[in-house]
Amino acid sequence: MFIGEGPGRDEDLQGRPFVGRAGELLDRMIGAIGMKREETYITNIVKCRPPDNRTPTPEESRACLRYLHRQIELIRPAVIVTLGATPLRELVGVNEGITKVRGQWKRVRVGDREIPVMPTFHPAYVLRQYTQEVRRAVWGDLRAAKEWLDHPVGS
Ligand code: URA
């Protein structure tokens, strides 16, 4: 399960997450670990588009959190990949900078389940910062998530 921040303009128009430029890159990132978008579930912290694409406020995030928890309970993902700092902060409660914590496993409890969380950069950040270093980092993070999917340890 991939969790982003909130719908942008394209997503708002189509009513689907990650269908714009960041979504195209996310599709390619998923392809790079040998998966298809249809094999994943993609959603966002907030379900309505924040004006001018601003970061959702903590209040807005909190307002949507029960919806997200329910999505997680229904989907029962084996692994969650958070995209950027907002979902990591709002869902997992990790406030450290994404550059520092990306690639380090976290966990979140939702209902009766503890789910491993792999924090990585948001694809919109990767588009802005299209360096080999950033792309390698994201690829490594997603590979670690896929590795866990294929060979979960003690779960
Ligand atoms: N960015 C997000 O965080 N979510 C989307 O759905 C699209 C862009």
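Quick check: anything in region 39-47 assigned to a helix (DSSP H, G or I), of a type outside the set (F, W, Y) and either open to solvent by less than 20 Å² (accessible area, probe 1.4 Å) or within 16 Å of the ligand (Cβ to nearest atom) (or both)? Looking for residues that are assigned to a helix (DSSP H, G or I), of a type outside the set (F, W, Y) and either open to solvent by less than 20 Å² (accessible area, probe 1.4 Å) or within 16 Å of the ligand (Cβ to nearest atom) (or both), one finds none in region 39-47, hence no.
Conditions tested, residue by residue: (1) more than 12 Å from the ligand (Cβ to nearest atom); (2) closer than 19 Å to V117 by Cβ; (3) under 11 Å from the mean Cα position of the chain (by Cα).
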site: E5; (1), (2), (3): no, yes, yes
site: G8; (1), (2), (3): no, no, no
site: G31; (1), (2), (3): yes, no, no
site: M35; (1), (2), (3): yes, yes, no
site: T55; (1), (2), (3): no, no, no
site: E59; (1), (2), (3): yes, no, no
site: V79; (1), (2), (3): yes, yes, yes
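Let me confirm something: among R135, R128, which residue is surrounded by 13 or more Cβ atoms within 10 Å (Cβ to Cβ) and within 20 Å of A22 (Cβ to Cβ)? Let's see the steps before the verdict.
Details: R128 fails: surrounded by 13 or more Cβ atoms within 10 Å (Cβ to Cβ).
Answer to the check: R135.
It is to be established whether one or more residues within region 59-72 are among the small types (G, A, S), open to solvent by less than 80 Å² (accessible area, probe 1.4 Å) and touching a Leu at 6+ places or on another chain (Cβ under 8 Å). Within region 59-72, not a single residue is among the small types (G, A, S), open to solvent by less than 80 Å² (accessible area, probe 1.4 Å) and touching a Leu at 6+ places or on another chain (Cβ under 8 Å).
Can you confirm whether region 26-36 contains a residue that is β-branched (V, I, T), free of Cβ contacts under 8 Å to residues at least 12 places away in the same chain, in contact with a helix residue (DSSP H, G or I) (Cβ under 9 Å, 6 or more places away or on another chain) and buried (at least 18 other Cβ atoms within 10 Å of the Cβ)? Checking region 26-36: not a single residue is β-branched (V, I, T), free of Cβ contacts under 8 Å to residues at least 12 places away in the same chain, in contact with a helix residue (DSSP H, G or I) (Cβ under 9 Å, 6 or more places away or on another chain) and buried (at least 18 other Cβ atoms within 10 Å of the Cβ).
Taken as a whole, the condition of being within 16 Å of the ligand (Cβ to nearest atom) and not in a helix (DSSP H, G or I) does not apply to T86. Across region 11-26, the number of residues qualifying as outside any loop (DSSP other than H, G, I, E, B) and within 15 Å of N53 (Cβ to Cβ) comes to 6. Within region 10-26, restricting attention to residues that are over 21 Å from P119 (Cβ atoms) and among the hydrophobic types (A, V, I, L, M, F, W, C), the residue that is farthest from the ligand (Cβ to nearest atom) is L13.
From the list P87, P116, which residue is open to solvent by less than 40 Å² (accessible area, probe 1.4 Å) and within 15 Å of P7 (Cα to Cα)?
Numbers: P116 fails: within 15 Å of P7 (Cα to Cα).
Testing whether each residue is open to solvent by less than 40 Å² (accessible area, probe 1.4 Å) and within 15 Å of P7 (Cα to Cα) leaves just P87.
The values are calculated or read from the model by the stated rules, or taken from the named source; none is laboratory data. Just so it is clear, the model here is predicted, and its values are computed rather than measured. Here the Cβ is made from the backbone with ideal geometry for all residues, glycine too, and neighbour counts use every protein chain on show. The protein model used for the area step is the full one, side chains on, heavy atoms only, and it has no ligands, DNA or RNA in it. Shrake-Rupley method; radii C 1.70, N 1.55, O 1.52, S 1.80 Å.
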